[in-house]
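Below you'll find the structure, written out as structure tokens, and then a few comments.
The values are calculated or read from the model by the stated rules, or taken from the named source; none is laboratory data. Every value quoted in this text rests on a predicted model; they were computed, and no experiment measured them. Please note: Cβ atoms are built from the backbone with ideal geometry, for glycine as well, and neighbour counts cover all protein chains shown.
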Amino acid sequence: MQIRNRWQSLKGNRAVCSYAALRRVAVVCLIFLLDLGGALNVLAESLAVSGPQASSVASPAIDTTPRTGQRLTIESTNLESLLLEKGIITQDDWIRLKAEEERRAFEQTAEAGMAGNPRWYERIRISGYTQLRYAAGATDKKFTIPLGDSAATSQPREFYFRRIRLVFQGQISERLAFYLQGAFEGDQSAQNMFNKEIIDAYADYYLTKDKVHRLRFGLHRAPNAFDTYRSSTNRQELDRHESVQSGAPGERDLGIAYYWSPKVAQERFTQLAAYHNGPGDYGVFGIMVYNGQGRNKAELNGDKHIGVRLAYPFELPNGRLLETGIMAFRGAYSVSGAGQPTSTTSTALCRQGLNRQGGCDTTDERITAYVWTPPQPWGLLAEGTIGKNAKRNETTNIIEERPLIGGYVQGYYTWSYSDVGMLTPYIRYGEYYGGIKSLNGAPDGRSRTWNFGLVWEPDTHWRFVTELMLKDGLNETLVRNQAQDSFDGSLLRFQAQFFFN
């Protein structure tokens, strides 16, 4: 739904044959014939008449956010393009109109066609994307990105697949939709070329026809942070920041969630996703019960994590969109790679001893808050987190429950230089002080990071990213009775990403 890619497409466009569209055309023609000065007010009244009719339609049941490279292909109408050309509406007004039009078109065609089609294979869509990367090599040999692109430092100056994703999704019935995503990425070695991992496997059951209330079952994203809700299709940066990534490694977990999204929020989440940076609709309120060990990890204790989310998408008086929210979770996490308290060889020791599954149980709790406004044309994203999780004591080797704090702030600007082409430079700075629970022995993940990136999107199905990372932190390798090695270096990476749908 990269509407911004087409905001200058003023020629060769089709009009949408609907009663509301024809009515708006008639109103605008009358405006120009009479040369009235209050054109915008009349247009607003016309749109308001058609608004309730549009809002009464349920939002798309299947996942329509651009996280899988999915792109809707509805063409710009002569009406909206003409209004933009005459200066009656702004670029952001055009984007909001097209977002609503695409939503209605999707509901009236794709959802109805998929849910009502008797042929099962016509109720399923296939999409996906691929990321090919090259890392020039870090200036410090101890430089690592433990929770992100580890291949960039372990195999420098090589081409490698960061992600190869294939998605199957469908609207099985009026109230049931499913989403299945597999991963096949890896480096060139035989054992890692295709990891064949399931990334998402869930079903949505809508409790009401307006899709305000829904339940989600299976492997899906846990309520941890805004950055971990975003997929690599709508996240332009090459990595999520470690301050929030450390709370939910792999972003997903097995569990059951409930989401509540009123109609106005559904429509604004759709508009935010149209800027291809938003994660989509994860509810104004959500609650999830899940294992808590991370994506595709065995449950090492009987405890379940509980996470909650409260967020809201606002539209400011000047038309700018803004989303803000807070998330929190709590549970018991079992750290792997720890030894018994009496071990004389283990690099990390479990003070209370290992549980029956061989894990070291620790308290795992966080609160994360964020604020985000998409590029219109400038954008801002800030996120902060505090809590408690596992971290090894470098002197005693014992895994302790220690406080954590971290966050990041990012600014970016999108320049639409042609009908479809876009350039987006971004700058991000973040810090993290806490442990990394998902790595063996729960090493200290202390770090400070700068990211300078340039994103070029010449087409709706292509994205090229160049990023320079400056980082000082600790290498995650543990040695008994020794502190972790520190580093201070830089890393230059390049990515070519294409979407297919």
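In table form, for the structure just shown:
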item: Every residue from region 317-337 that is buried (at least 17 other Cβ atoms within 10 Å of the Cβ) and either part of a loop (DSSP other than H, G, I, E, B) or outside the structural domain of residue 223 (by TED's automatic domain parsing) (or both); result: 336, 337
item: Enumeration of residues in region 452-469 that are among the β-branched types (Val, Ile, Thr) and under 16 Å from residue 148 (Cβ atoms); result: 465
item: Enumeration of residues in region 164-215 that are of a type in the set (S, T, N, Q) and either at pLDDT 90 or above or assigned to a strand (DSSP E or B) (or both); result: 169, 171, 181, 208
item: Condition broken by residue 293, with the remaining ones in (1) part of a loop (DSSP other than H, G, I, E, B); (2) under 28 Å from residue 410 (Cα atoms) satisfied; result: (2)
item: Subset of region 406-420 (residues that are within 22 Å of the chain's Cα centre (by Cα) and either farther than 14 Å from residue 375 by Cβ or assigned to a loop (DSSP other than H, G, I, E, B) (or both)); result: 406, 407, 408, 409, 414
item: Selection count, region 256-287, where residues are at positive phi and either surrounded by 22 or more Cβ atoms within 10 Å (Cβ to Cβ) or more than 17 Å from the chain's Cα centre (by Cα) (or both); result: 2
item: Residue within region 338-350 that is in contact with a Cys (Cβ under 6 Å, 6 or more places away or on another chain), assigned to a loop (DSSP other than H, G, I, E, B) and hydrophobic (A, V, I, L, M, F, W, C) present; result: yes
item: Test result for residue 161, more than 28 Å from residue 291 (Cα to Cα), aromatic (Phe, Trp, Tyr), modelled with pLDDT of 95 or more and crowded, with 18+ Cβ neighbours inside 10 Å; result: no
item: Among (1) without any contact (Cβ under 8 Å) to a residue 24 or more places away in the chain; (2) buried (at least 16 other Cβ atoms within 10 Å of the Cβ); (3) of a type outside the set (Lys, Arg) - the single one residue 417 does not satisfy; result: (2)
item: Candidate set: region 297-316, residues that are under 19 Å from the mean Cα position of the chain (by Cα) and surrounded by fewer than 21 Cβ atoms within 10 Å (Cβ to Cβ); chosen: the one nearest to residue 366 (Cα to Cα); result: 308
